[in-house]
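A short worksheet on the structure shown next.
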Amino acid sequence: MAQSSRSLARELALLILGQQISDKTTTHDLTLEDLLLAALAALHGHMRDALERSAQDLHTAQQYALESELGSLALSSARDNLRMGLEKAEQVINRLSAVLDLPRLLLAAEQEQVRSHCLGLAAAVRDHRAALDQQLDDVMEGWRLARLPQVDRNILRLAAAELMVLDTPVAVVCNEAVALANTYSDTEGRRRINGILRRLSAAQLSPSGA
(Lines give C-alpha, C1' and ligand atoms only; values in the text may rest on other atoms or scores of the structure.)
Protein backbone atom coordinates (compact mmCIF):
# COMPACT_ATOMS: atom_id res chain seq x y z
CA MET A 1 0.00 0.00 0.00
CA ALA A 2 1.49 3.34 -1.06
CA GLN A 3 2.43 5.88 1.61
CA SER A 4 0.03 8.45 0.12
CA SER A 5 -2.85 5.99 0.47
CA ARG A 6 -1.86 5.23 4.07
CA SER A 7 -1.77 8.95 4.86
CA LEU A 8 -5.20 9.40 3.30
CA ALA A 9 -6.56 6.47 5.33
CA ARG A 10 -5.23 8.09 8.52
CA GLU A 11 -6.90 11.38 7.65
CA LEU A 12 -10.23 9.68 6.97
CA ALA A 13 -9.88 7.70 10.21
CA LEU A 14 -9.27 10.90 12.16
CA LEU A 15 -12.35 12.50 10.67
CA ILE A 16 -14.71 9.57 11.19
CA LEU A 17 -13.55 9.20 14.81
CA GLY A 18 -15.55 12.36 15.45
CA GLN A 19 -18.67 10.70 14.08
CA GLN A 20 -20.88 8.08 15.70
CA ILE A 21 -19.71 4.75 14.29
CA SER A 22 -21.42 1.73 15.82
CA ASP A 23 -19.32 -0.76 17.80
CA LYS A 24 -20.73 -3.46 15.52
CA THR A 25 -19.44 -1.80 12.34
CA THR A 26 -17.06 -3.96 10.30
CA THR A 27 -14.97 -3.19 7.25
CA HIS A 28 -17.82 -4.60 5.15
CA ASP A 29 -20.49 -2.29 6.56
CA LEU A 30 -19.23 1.07 5.27
CA THR A 31 -18.51 1.97 1.67
CA LEU A 32 -15.90 4.50 0.63
CA GLU A 33 -18.79 6.88 -0.05
CA ASP A 34 -20.01 6.41 3.54
CA LEU A 35 -16.54 7.26 4.84
CA LEU A 36 -16.30 10.32 2.63
CA LEU A 37 -19.71 11.59 3.77
CA ALA A 38 -18.77 11.05 7.43
CA ALA A 39 -15.45 12.82 6.86
CA LEU A 40 -17.11 15.78 5.16
CA ALA A 41 -19.66 16.02 7.98
CA ALA A 42 -16.81 16.09 10.52
CA LEU A 43 -14.94 18.74 8.54
CA HIS A 44 -18.10 20.84 8.35
CA GLY A 45 -18.44 20.66 12.13
CA HIS A 46 -14.79 21.55 12.70
CA MET A 47 -15.04 24.55 10.38
CA ARG A 48 -18.26 25.78 11.95
CA ASP A 49 -16.79 25.58 15.45
CA ALA A 50 -13.56 27.29 14.39
CA LEU A 51 -15.45 30.11 12.68
CA GLU A 52 -17.60 30.64 15.75
CA ARG A 53 -14.51 30.83 17.97
CA SER A 54 -12.82 33.13 15.47
CA ALA A 55 -15.81 35.46 15.50
CA GLN A 56 -15.83 35.50 19.32
CA ASP A 57 -12.09 36.30 19.48
CA LEU A 58 -12.39 39.07 16.89
CA HIS A 59 -15.37 40.57 18.71
CA THR A 60 -13.42 40.51 21.97
CA ALA A 61 -10.43 42.09 20.22
CA GLN A 62 -12.70 44.85 18.96
CA GLN A 63 -14.01 45.49 22.48
CA TYR A 64 -10.49 45.66 23.92
CA ALA A 65 -9.40 47.96 21.09
CA LEU A 66 -12.24 50.37 21.93
CA GLU A 67 -11.07 50.35 25.54
CA SER A 68 -7.36 50.62 24.71
CA GLU A 69 -7.20 54.25 25.76
CA LEU A 70 -7.68 52.97 29.31
CA GLY A 71 -4.23 51.44 29.30
CA SER A 72 -1.71 49.17 27.67
CA LEU A 73 -3.29 46.03 29.17
CA ALA A 74 -6.45 46.46 27.07
CA LEU A 75 -4.36 47.05 23.95
CA SER A 76 -2.28 43.94 24.66
CA SER A 77 -5.46 41.90 25.16
CA ALA A 78 -6.83 43.24 21.88
CA ARG A 79 -3.72 42.07 20.07
CA ASP A 80 -3.90 38.63 21.68
CA ASN A 81 -7.54 38.13 20.74
CA LEU A 82 -6.94 39.43 17.23
CA ARG A 83 -4.09 36.94 16.81
CA MET A 84 -6.22 34.06 18.09
CA GLY A 85 -9.16 35.05 15.89
CA LEU A 86 -7.00 35.19 12.77
CA GLU A 87 -5.36 31.89 13.67
CA LYS A 88 -8.74 30.16 13.93
CA ALA A 89 -9.76 31.68 10.59
CA GLU A 90 -6.57 30.21 9.12
CA GLN A 91 -7.59 26.81 10.48
CA VAL A 92 -10.87 27.07 8.58
CA ILE A 93 -8.98 27.83 5.36
CA ASN A 94 -6.77 24.78 5.93
CA ARG A 95 -9.78 22.58 6.58
CA LEU A 96 -11.63 23.94 3.57
CA SER A 97 -8.62 22.93 1.49
CA ALA A 98 -8.91 19.44 2.98
CA VAL A 99 -12.62 19.31 2.03
CA LEU A 100 -11.81 20.16 -1.57
CA ASP A 101 -8.92 17.69 -1.76
CA LEU A 102 -10.56 14.60 -0.24
CA PRO A 103 -12.70 13.50 -3.24
CA ARG A 104 -9.80 14.06 -5.64
CA LEU A 105 -7.38 12.14 -3.45
CA LEU A 106 -9.79 9.25 -3.07
CA LEU A 107 -10.20 8.94 -6.82
CA ALA A 108 -6.43 8.70 -7.21
CA ALA A 109 -5.93 6.31 -4.28
CA GLU A 110 -6.02 2.53 -3.90
CA GLN A 111 -9.61 2.85 -2.79
CA GLU A 112 -10.37 -0.56 -1.28
CA GLN A 113 -7.11 -0.55 0.66
CA VAL A 114 -7.80 2.99 1.88
CA ARG A 115 -11.24 1.93 3.10
CA SER A 116 -9.97 -1.17 4.90
CA HIS A 117 -6.98 0.59 6.46
CA CYS A 118 -9.11 3.55 7.54
CA LEU A 119 -11.64 1.35 9.29
CA GLY A 120 -8.89 -0.76 10.82
CA LEU A 121 -7.34 2.36 12.37
CA ALA A 122 -10.70 3.61 13.62
CA ALA A 123 -11.51 0.19 15.08
CA ALA A 124 -8.15 0.06 16.89
CA VAL A 125 -8.97 3.36 18.58
CA ARG A 126 -12.54 2.32 19.37
CA ASP A 127 -11.64 -1.11 20.75
CA HIS A 128 -8.73 0.09 22.93
CA ARG A 129 -9.89 3.60 23.76
CA ALA A 130 -9.83 3.29 27.55
CA ALA A 131 -6.26 1.93 27.59
CA LEU A 132 -5.11 4.49 25.02
CA ASP A 133 -6.61 7.37 26.98
CA GLN A 134 -4.92 6.15 30.18
CA GLN A 135 -1.54 5.88 28.45
CA LEU A 136 -1.92 9.41 27.11
CA ASP A 137 -3.04 10.79 30.46
CA ASP A 138 0.04 9.22 32.06
CA VAL A 139 2.41 11.32 29.91
CA MET A 140 0.50 14.60 29.77
CA GLU A 141 2.26 16.34 32.68
CA GLY A 142 -0.44 18.34 34.40
CA TRP A 143 -3.06 18.10 31.64
CA ARG A 144 -5.83 15.58 31.06
CA LEU A 145 -6.82 14.27 27.67
CA ALA A 146 -10.45 15.23 28.32
CA ARG A 147 -9.47 18.92 28.47
CA LEU A 148 -8.15 18.97 24.89
CA PRO A 149 -10.25 19.84 21.81
CA GLN A 150 -11.86 16.79 20.23
CA VAL A 151 -9.69 16.85 17.11
CA ASP A 152 -6.50 16.99 19.22
CA ARG A 153 -7.71 14.08 21.36
CA ASN A 154 -8.39 12.00 18.28
CA ILE A 155 -5.04 12.80 16.65
CA LEU A 156 -3.37 11.57 19.84
CA ARG A 157 -5.60 8.50 20.13
CA LEU A 158 -4.91 7.56 16.53
CA ALA A 159 -1.15 7.95 17.05
CA ALA A 160 -1.28 5.97 20.30
CA ALA A 161 -3.24 3.17 18.63
CA GLU A 162 -0.69 2.94 15.85
CA LEU A 163 2.15 2.80 18.38
CA MET A 164 0.66 0.44 20.94
CA VAL A 165 -1.82 -1.69 19.00
CA LEU A 166 -0.62 -1.77 15.41
CA ASP A 167 3.15 -1.57 16.04
CA THR A 168 3.69 1.19 13.48
CA PRO A 169 7.24 2.63 13.54
CA VAL A 170 7.61 5.58 15.90
CA ALA A 171 9.00 7.92 13.24
CA VAL A 172 6.05 7.23 10.92
CA VAL A 173 3.51 7.75 13.69
CA CYS A 174 5.02 11.06 14.81
CA ASN A 175 5.40 12.40 11.27
CA GLU A 176 1.82 11.53 10.36
CA ALA A 177 0.42 12.98 13.61
CA VAL A 178 2.30 16.25 13.01
CA ALA A 179 0.92 16.38 9.46
CA LEU A 180 -2.63 15.93 10.76
CA ALA A 181 -2.08 18.54 13.48
CA ASN A 182 -0.79 21.02 10.89
CA THR A 183 -4.12 20.76 9.07
CA TYR A 184 -6.61 20.29 11.89
CA SER A 185 -5.16 21.87 15.03
CA ASP A 186 -3.83 25.30 16.00
CA THR A 187 -0.35 26.45 17.04
CA GLU A 188 -0.83 25.61 20.71
CA GLY A 189 -2.39 22.26 19.84
CA ARG A 190 0.46 21.35 17.51
CA ARG A 191 3.05 22.09 20.18
CA ARG A 192 1.13 20.10 22.79
CA ILE A 193 0.57 17.11 20.47
CA ASN A 194 4.25 17.06 19.54
CA GLY A 195 5.34 17.09 23.19
CA ILE A 196 2.87 14.42 24.27
CA LEU A 197 3.92 12.12 21.43
CA ARG A 198 7.60 12.56 22.27
CA ARG A 199 6.92 11.49 25.86
CA LEU A 200 4.62 8.65 24.79
CA SER A 201 7.21 7.37 22.30
CA ALA A 202 9.94 7.53 24.95
CA ALA A 203 7.74 5.60 27.37
CA GLN A 204 7.06 2.94 24.74
CA LEU A 205 10.73 2.56 23.92
CA SER A 206 11.89 2.40 27.53
CA PRO A 207 12.21 -1.02 29.20
CA SER A 208 9.36 -0.23 31.60
CA GLY A 209 7.10 0.78 28.68
CA ALA A 210 7.82 -2.34 26.70
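Starting with the highest mean, order 158-168, 193-203, 139-149 by the number of other Cβ atoms within 10 Å, averaged over the residues of each peptide. Don't skip to the end; give the middle numbers.
Numbers: 158-168: 20.7, 193-203: 17.9, 139-149: 13.3.
Result, highest mean first: 158-168, 193-203, 139-149.
Sort VAL172, VAL114 from largest to smallest accessible area, using a 1.4 Å probe on the heavy atoms of the protein chains.
Working: VAL172 50, VAL114 0 Å².
Largest accessible area first, the list is VAL172, VAL114.
Report the residues of the stretch 156-193 in range of a label on HIS128: point 7 Å along Cα→C-beta, backbone N strictly under 13 Å from it.
Hits in the stretch 156-193 for HIS128 at 13 Å: 157-170.
Net charge within 12 Å of GLY120 by Cβ-Cβ distance, Lys/Arg positive one each and Asp/Glu negative one each, not counting GLY120 itself?
In short, +2.
Could you go through the stretch 177-183 in sequence order and give the Karplus-derived ³J(HN,Hα) for each residue, using 6.51 cos²θ - 1.76 cosθ + 1.60 with θ = phi - 60°, rounded to whole Hz, and x for Gly and Pro?
Working through the residues one at a time gives 5, 5, 4, 5, 5, 4, 8 Hz.
At 7 Å along the Cα-to-beta-carbon direction for both SER76 and ALA179, put a label point, then send me their distance in nm to one decimal.
4.1
Could I get the Rg over Rh figure for the stretch 151-208? Both from C-alpha atoms, Rh via Kirkwood, rounded to two places. Walk me through the numbers on the way to the answer.
Details: Rg = 10.7 Å, Rh = 11.2 Å.
Reported Rg/Rh, Kirkwood definition of Rh: 0.96.
Can you pull the accessible area of ARG153 for me, 1.4 Å probe, Å² to the nearest 10?
Rounded to the nearest 10, that gives 50 Å².
Rank these by accessible area, largest first, 1.4 Å probe: CYS118, CYS174. Present the calculation step by step, with values, prior to reporting the outcome.
Numbers: CYS118 0, CYS174 30 Å².
Descending order: CYS174, CYS118.
Using heavy-atom solvent-accessible surface (probe 1.4 Å) with all chains present, what is the largest-first order of ASP57, ASP49? Show your work: numbers first, answer last.
On the way: ASP57 25, ASP49 60 Å².
Ranking ASP57, ASP49 by accessible area, largest first, yields ASP49, ASP57.
The values are calculated or read from the model by the stated rules, or taken from the named source; none is laboratory data. Being a predicted model, the structure only gives us computed values, none of them experimental. Quick reminder, even Gly has a Cβ in these numbers, built from the backbone with ideal geometry, and neighbours come from all protein chains shown. Areas reflect the complete protein model, heavy atoms only, side chains present, ligands, DNA and RNA absent. Shrake-Rupley method; radii C 1.70, N 1.55, O 1.52, S 1.80 Å.
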